Amino acid sequence: MESFIGRLVKKGYKRSLVTILSYISLLLILIILFIIVIPPFINQIEIFLDTLPSLLEDINSLLKNLNINMNSNNILDILQIKTNEIVGYFSNGFSLFFSVGIALSSAFFISYDYDGVKGTIKKCIPNIIKEETIYFFSRYIPFFSKYMYSLLIDSLITFAISFTLFTIFKVEYSLIGAIIITITNLIPFIGPLLGIVPLVIIGYSVSNYFAIISLLIVIVVQLVESNIIQPLIFKNVIKLHPL
């Protein structure tokens, strides 16, 4: 956000006005996303939990057919969680919103009085390491900021593609699936594997067809994202060659 505000300030706009308008716009976007995404997400979680007992029975039967001995009673005791408790957890995450509020308000005041905050921090750095510290942050903070921006854009595109594919093939729990792919995609190397397992299980709770479709969608999204989308984003934002 600061890099965006900084560019507008360099063009001659007043920092205080740019900061206020930028954070109001960001807050409105977050509210709209919350209104659009959270209710259907909670609804899909609730529906999935309703089907969880029968899914566990199917998995238990499958394991028995494969001669895999597991204590199904313990599995059922662990996984059969009350729906209301889970839904309440997602719908009443006040601590999360409180933390986000603190982060946004802190970022707002830092952006609003950026020069003053920067000057204060410089005064607090011991003289013996001041020059090296200032060089380090001036050299690498912009790169880190661009990297985080790249990850954000990459995640939004991954979510959009995943959700679109799930919707096109009419896969149940499309929103949950898109969110799982987006989150696990941020984990290097093992992320795709972590995303496949819950999605196949969720798809299997509906039918074998949806389990196979979910698996194929995860593979396609991961291949396209890792080999095309992410290299192009890094090339244009961080100026890093796709190879």
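Listed values, structure above:
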item	result
Which numbered condition Ile179 misses (of (1) outside any loop (DSSP other than H, G, I, E, B); (2) open to solvent by 100 Å² or more (accessible area, probe 1.4 Å))	(2)
Tally of residues being within 24 Å of the chain's Cα centre (by Cα) and modelled with pLDDT under 80 across the range 112-147	3
Count of residues meeting criterion [at positive phi and either hydrophobic (A, V, I, L, M, F, W, C) or at pLDDT below 75 (or both)] in the range 2-51	0
Single residue of Ser150, Ser207 found to be free of Cβ contacts under 8 Å to residues at least 12 places away in the same chain, among the hydroxyl-bearing types (Ser, Thr, Tyr) and farther than 22 Å from Val37 by Cα	Ser207
Matching entry among Ile213, Ile196 (being part of a helix (DSSP H, G or I), closer than 24 Å to Ile45 by Cβ and touching a residue at least 40 places away in the same chain (Cβ under 8 Å))	Ile213
Selection status of Ile102, at pLDDT 75 or above, part of a helix (DSSP H, G or I) and either over 21 Å from Phe159 (Cβ atoms) or open to solvent by less than 90 Å² (accessible area, probe 1.4 Å) (or both)	yes
For Ser155: the one exception among (1) within 30 Å of Tyr204 (Cα to Cα); (2) modelled with pLDDT under 85	(2)
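To keep it simple, each residue is scored yes or no on (1) more than 30 Å from Lys14 (Cα to Cα); (2) surrounded by 14 or more Cβ atoms within 10 Å (Cβ to Cβ).
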{"site": "Phe108", "(1), (2)": "no, yes"}
{"site": "Arg139", "(1), (2)": "no, no"}
{"site": "Asp154", "(1), (2)": "yes, yes"}
{"site": "Lys170", "(1), (2)": "yes, no"}
{"site": "Tyr173", "(1), (2)": "yes, yes"}
{"site": "Thr184", "(1), (2)": "yes, yes"}
{"site": "Phe189", "(1), (2)": "yes, no"}
{"site": "Ile196", "(1), (2)": "yes, yes"}
{"site": "Leu199", "(1), (2)": "yes, yes"}
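The values are calculated or read from the model by the stated rules, or taken from the named source; none is laboratory data. As the structure is a prediction and not an experimental result, all values here were calculated from the model. Note: ideal-geometry Cβ built from the backbone for every residue, glycine included; neighbour counts use all protein chains shown. These area figures cover heavy atoms from the full protein model, side chains too; ligands, DNA and RNA do not enter into them. Shrake-Rupley method; radii C 1.70, N 1.55, O 1.52, S 1.80 Å.
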